[in-house]
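Some notes on the structure that comes next.
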Amino acid sequence: ILFGAFFYHASYYCISPEKYAILGVGIFCYYTKINEKGVFIMMTISQVKRTAKESLRGNWGIAIGIFVLAWLILTVTGGILGWIPFVGQVAMILVTGPLYTGVAWVYLAISRGEQPDVAYMFSGFKEFGRTFVAYLLIFIFTFLWGLLLIVPGIIKSYSYSQTFFILRDNPNISPLDAITESRHMMNGHKGRLF
């Protein structure tokens with residue numbers, strides 16, 4: 001279930017860099033596609049799912065393997081570092097943000113028809129500052145919204161769901177600007193992603 005949700009977020013974001021577009025308030029191309037006349041048209045959820053399945057054809061092994069490997073790394077790291085008060089939690093946050101970002105970028109690459117290797121899942125560490133700060137800000141913002149009740153925290157997590165993909169496609173954007181762009185993109189579309 002988690003794997004499916006994770007890949008669906010990448011599929012939701014964008015089919016290919018050539019078809020990348022921001023429309024209106026910022027809906028990215030997986031809900032839009034360019035027809036033969038060069039006009040942007042909205043894709044239905046079934047079209048999005050079909051395109052995601054087509055992207056996974058021949059890539060199931062790498063997609064599931066990346067997910068399992070990331071899960072194992074976080075589980076082992078948490079098991080080892082979890083025994084160290086405070087330092088263990090800080091270390092987990094330092095590892096989780098860039099690793100989660102790298103996994104998201106692998107799924108984005110697969111959805112675009114690229115053939116990423118396992119090492120690509122660690123690409124979030126190459127841009128450690130941006131990926132860590134983005135993850136930390138999302139964690140803090142979602143936690144604060146969650147204090148109001150559980151539901152606002154969940155809704156905001158959907159608002160921030162496109163942040164890591166935006167960081168990948170826009171290397172000069174700051175983490176806070178990527179979060180803001182994600183919020184704008186998801187305005188009115190959180191239910192469709194759910």
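Observations on the model:
- Boolean, Gly4 is modelled with pLDDT of 90 or more, open to solvent by less than 60 Å² (accessible area, probe 1.4 Å) and either part of a helix (DSSP H, G or I) or within 24 Å of Arg130 (Cβ to Cβ) (or both): no
- Remark: pairs (first residue in the range 135-164, without any contact (Cβ under 8 Å) to a residue 24 or more places away in the chain; second residue among the β-branched types (Val, Ile, Thr) and open to solvent by 50 Å² or more (accessible area, probe 1.4 Å); Cβ separation under 9 Å; 6+ apart in sequence or on different chains) = Thr142/Ile154; Trp145/Ile154; Trp145/Ile155; Gly146/Ile154.
- Answer from Ala109, Ala91 - the residue that is free of Cβ contacts under 8 Å to residues at least 12 places away in the same chain and either in contact with a His (Cβ under 7 Å, 6 or more places away or on another chain) or of a type in the set (A, V, I, L, M, F, W, C) (or both): Ala109
- Hits in the range 42-83 - residues which are open to solvent by 30 Å² or more (accessible area, probe 1.4 Å), under 29 Å from Lys190 (Cβ atoms) and not in a helix (DSSP H, G or I): Met42, Thr44, Arg57
- Enumeration of residues in the range 133-184 that are over 21 Å from Met92 (Cβ atoms), aromatic (Phe, Trp, Tyr) and open to solvent by 70 Å² or more (accessible area, probe 1.4 Å): Trp145
- Looking across the range 95-132, the residues that are assigned to a loop (DSSP other than H, G, I, E, B) and surrounded by fewer than 17 Cβ atoms within 10 Å (Cβ to Cβ) come down to Gly113, Glu114, Gln115, Asp117, Lys126.
The values are calculated or read from the model by the stated rules, or taken from the named source; none is laboratory data. Given the structure is predicted, the values throughout are model-derived calculations rather than measurements. Cβ coordinates were reconstructed from backbone atoms using ideal geometry, including for glycine residues, and neighbour counts include every protein chain displayed. When the accessible area is computed, the model is the full protein with side chains, heavy atoms only, and any ligands, DNA or RNA have been set aside. Shrake-Rupley method; radii C 1.70, N 1.55, O 1.52, S 1.80 Å.
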